[in-house]
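The values are calculated or read from the model by the stated rules, or taken from the named source; none is laboratory data. Please read these numbers as outputs of a predicted model, since none were measured by experiment. Cβ sites come from the backbone with ideal geometry, for glycine too, and all protein chains shown count toward neighbours.
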Amino acid sequence: MGTHEDETDSGDVLPPPGSPILEAVLENARNRQYLGQRLDATGDRIDTDLLGDIIRHGPVLEALRQEPLDRGEIEDRLDVSRATSHRLTQWLDERGFAEKVDSRFQLTGRGEAITDEVLRFEANIQTVHRLAPLLDVICEDHQEFVVEPFVDAAVSVAEPDNPYRPVERFISLVRESETFRGFNTTHMAPLVLGEFHEHVFEGTETEIIYLPHIVEKLFDTYPEKATEAVERGHLTLRTREELPYGLVLFDDCVGIGGYDESTGMMEVFVDTDSPIAREWAERVYASVRADSELLDEGRFG
């Protein structure tokens, strides 16, 4: 199956090179735990009241980010009074975020940069709220996970009236894909779900990284089909002693699963076709794969 991964002479898979956007996201993730220290080192932390004011002025900043507007247009766009539009534009002018040109207010370079950061902040906060069910279960520190690429992801959560919703979403994506790569702390889907395993053994080109005891259970449940799929090269199984969560790469999207530690049931499944999420998933998968071992074909055969 085709991937974007490169192999060294020894056969180890290297993480694919990332786009500048992905590299910036990853660099931010690596440095975020030190941001407070770096800000302290400048000796000039921003006043929290100003931060609040910037957030409160987000709607007018966003409106002006789209195009310059006069006061009447600001009033119509934001549905505010004349007095409010005057107060908003005065604040922007005093802070150097906007200037009046030919009767219209337009953002300065500083204002454009501030607006972009406000929108990024809002998007990340919203994404954290939407992904909360996943973030609460995938790992304690989330060091391998970055929020930004999943801003528009579909989030499927197990509910009392539909406990299998995440699994159903996962299976629907399996049906649509001709290739399947992933790793997981437990079975990708319950062993009793024969449809999924038929796809794994027959319907897709599959590579899965499992914990060793999970592979043993797979062969115990489907000894002939699993052995035949591995021998044909249709199914590639690798093992690793530790895995952070469940990740899967389909043809057109990527997904992440979170599981109940006591039951092994999928509690939440998040998927997206975002190109940046795809790049991130490729890098994570390549890194995990490089630290895994190819299953000995004769071990369970």
Q.
Which of the numbered conditions does G194 fail, given that it passes all the others? Conditions: (1) within 19 Å of R283 (Cα to Cα); (2) of a type in the set (G, A, S); (3) free of Cβ contacts under 8 Å to residues at least 40 places away in the same chain.
A. (1)
Q.
I'm checking my understanding of the structure. Among residues of segment 247-276 that are modelled with pLDDT of 90 or more and among the small types (G, A, S), which one is nearest to V167 (Cα to Cα)?
A. G257
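With respect to S85, is the statement that it is of a type in the set (S, T, Y) and modelled with pLDDT of 95 or more true?
Criteria met by S85.
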Q) In this structure, does I209 turn out to be under 20 Å from the mean Cα position of the chain (by Cα), modelled with pLDDT of 90 or more, buried (at least 18 other Cβ atoms within 10 Å of the Cβ) and of a type outside the set (D, E)? A) yes
Q: Name every residue in segment 188-202 that is farther than 14 Å from V268 by Cα and touching a strand residue (DSSP E or B) at 6+ places or on another chain (Cβ under 8 Å), in order of residue number.
A: H199, V200, F201
Q. Failed condition for L237, given (1) surrounded by 18 or more Cβ atoms within 10 Å (Cβ to Cβ); (2) within 21 Å of F145 (Cβ to Cβ), with all others met?
A. (2)
Q.
Among the listed residues F145, F105, F183, identify the single one that is under 17 Å from Y245 (Cα atoms), among the aromatic types (F, W, Y) and at pLDDT 90 or above.
A. F183
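Conditions (1) closer than 30 Å to V151 by Cα; (2) in the same structural domain as I55 (by TED's automatic domain parsing); (3) touching a strand residue (DSSP E or B) at 6+ places or on another chain (Cβ under 8 Å), marked per residue:
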position: D70; (1), (2), (3): no, yes, yes
position: I74; (1), (2), (3): yes, yes, yes
position: R87; (1), (2), (3): no, yes, no
position: F97; (1), (2), (3): yes, yes, yes
position: T115; (1), (2), (3): yes, yes, yes
